[in-house]
Amino acid sequence: MFTGIVEEIGILREVRPTDQGVELTVQAHQVLEDAKIGDSIAVSGVCLTVVDLVSEAFRVDVVAETLRRTTLGAVSPGARLNLERAVTLQTRLGGHLVSGHVDGVGTVEEVGFEGDSAVVEVRVPAPLQKYIAEKGSVAVDGVSLTVMGVTEKGFRVALIPHTQKETTLGELRSGSRVNLEVDVVARYVERLLRGGHEVK
């Protein structure tokens, strides 16, 4: 599990094809302080397992299914990626509970400004729209955000200057694609209301 509080921005060094998908080599600093092979790191909101540690970088395998369902299928060397280590029992929960299991990819419709804050409107895949609520939580490329408002096809969020500077969200433009994870609580509430039955 993660909190959606990005620790640093990593730089993608290499994308190497494998039989199952690709291997990514990501340059980092802070998340490597206590990293071990087998640890989980959220890479732009996608929970991945460290398979190797090299000089100032870590390697992760990304399978074909993840490449299809997230924005990682379109990344190339030089890409900037939000990074966060998995929570521990000593971690302060500053954002909200984030699993690192991306629910879908959204598209930025518009970026505007209200004072120093950027207001970003995101179009959401139709099946996810019911999980978005005003003042609720959503993870965008691994960043925990509060929904500012619900739109016909998605939502709006405000990015304070700190978020713009310390995460890749400050680089969003109209047409940008972002990984989305809805609040897990909303999914459990839906399941309870349906009597615990899975909906196909």
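Could you grab me the full set of residues in region 136-151 that are modelled with pLDDT of 95 or more and either surrounded by fewer than 16 Cβ atoms within 10 Å (Cβ to Cβ) or assigned to a loop (DSSP other than H, G, I, E, B) (or both)?
D141, G142, T146, G149, T151
Against the conditions (1) closer than 14 Å to V182 by Cβ; (2) modelled with pLDDT of 95 or more; (3) in a loop (DSSP other than H, G, I, E, B), where does V122 fall short? Just the number, please.
Of everything listed in (1) closer than 14 Å to V182 by Cβ; (2) modelled with pLDDT of 95 or more; (3) in a loop (DSSP other than H, G, I, E, B), V122 misses just condition (3).
The values are calculated or read from the model by the stated rules, or taken from the named source; none is laboratory data. Computed from a predicted model, the values in this text were never measured in an experiment. As a convention, Cβ positions derive from the backbone with ideal geometry for all residues, glycine included, and neighbour counts pool all protein chains shown.
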